[in-house]
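Notes follow once the structure below has been shown.
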Amino acid sequence: MSFESFATIPASFVLGSVPFGFLMAKFLGGIDIRKEGSGNIGATNVTRLLGWKIGFPVLLLDIAKGALPVLLAKYLFPDRADILPLLCGISAVLGHIFSPFLKFKGGKGVATSFGVFAVLAPGSILITLIVFLSLKKIFGFVSLGSIGGAIALPISYYSLSLIEGKDFNTPIFWATVCVSLTILFLHRTNLIRLVKGKEFTSDKEKYHRDEE
């Protein structure tokens, strides 16, 4: 692996660590998103507090910072397309979760992971999106949709690989497993509140702060 191709991995971490939710909430909404609502810097909390005109761009930017490193690695270094795009994508997700700009704290990685696997495993991410939207629509919890989507990601990737009869990409599969487990861990307090019946639906004005 050349220096140039290797450098895309830490560069992806830096891009992933840019806290768009925090920045847009601060400069366009005049609030510290970490101290409001759920305390999360993601698009869901931004939308709840400041509306979709700010929240939707945050969502797109968080998705883009997952997809862009994968696309650039894939097309700039086609000779390393077997593993480099995946490494860049995972690095971007880690940057989002452990942003050095926020003292190595960040979001839960859902939107950024979506961007990564939208490029690497579009069929699986489509199924994941359907699961997310269905659970959110039926039960009204964004957190439940995220949890369900996280569980669906590795299962759908494995299932589609069998159905389509394509060569099984082991690194991508294990990446979906690791990302899924990470997202589930970061939603552990949400899961506890869901079990206890204390989680608020997405249209409520009062929210529990994340305890991580």
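Values quoted throughout were computed directly from the atomic coordinates according to the rules given, and no laboratory measurement underlies them. This one's a predicted model, so the numbers in the text were calculated from it and none came from an experiment. Every residue, glycine among them, receives a Cβ derived from its backbone with ideal geometry; neighbour counts consider all protein chains shown.
Data table
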{"quantity": "Spin-label model distance (nm) - LYS103 vs TYR158, 7 Å beyond Cα toward Cβ", "calculated": "3.9 nm"}
{"quantity": "Positive-pole candidate from PRO57, LEU15, ALA73, dipole of region 1-75, charges at beta carbon", "calculated": "PRO57"}
{"quantity": "Span-like helix ranges in the chain, DSSP H, alpha carbon extent 27 angstrom or more, Kyte mean at least -1.0", "calculated": "52-76, 142-164"}
{"quantity": "Most mobile of ASN169, ASN190, ASN40 in a GNM of the chain (Cα contacts under 10 Å)", "calculated": "ASN169"}
{"quantity": "Gain in span if fully extended, TRP52 to ASP82, counting 0.36 nm per residue against the direct Cα distance", "calculated": "7.1 nm"}
{"quantity": "Lys, Arg +1 and Asp, Glu -1 on Cβ, resulting dipole of the chain about Cα centre, debye, nearest 20", "calculated": "760 debye"}
{"quantity": "Loop-located trypsin sites (Lys or Arg not before Pro) in region 60-151, at most 13 other Cβ atoms within 10 Å (DSSP)", "calculated": "LYS103"}
{"quantity": "GNM top mover of ILE54, ILE90, ILE125 - the chain, alpha-carbon springs below 10 Å", "calculated": "ILE54"}
{"quantity": "Candidates THR112, THR170, THR128, ranked by Gaussian network fluctuation over the chain, Cα under 10 Å, top entry", "calculated": "THR170"}
{"quantity": "Cα gyration tensor shape for the chain, rounded if a/c is under 1.5, else prolate or oblate", "calculated": "oblate"}
{"quantity": "Label-point gap, in nm, between PHE168 and SER5 - each point 7 angstrom along Cα→Cβ", "calculated": "2.6 nm"}
{"quantity": "Farthest positive-ward along the chain dipole, Cα basis, beta-carbon charges - from GLY39, GLY165, ILE97", "calculated": "GLY39"}
{"quantity": "Potential extension, VAL14-ILE151 segment - 0.36 nm per residue separation minus Cα distance", "calculated": "46.6 nm"}
{"quantity": "Helical contribution to [θ] at 222 nm, DSSP H n ≥ 4, -39,500 (n - 2.57), averaged over the chain, rounded to 500", "calculated": "-23000 deg cm²/dmol"}
{"quantity": "Computed FRET value (nearest 0.05) for LYS137 with VAL195, which takes r as the C-beta separation and R₀ as 22 Å", "calculated": "0.60"}
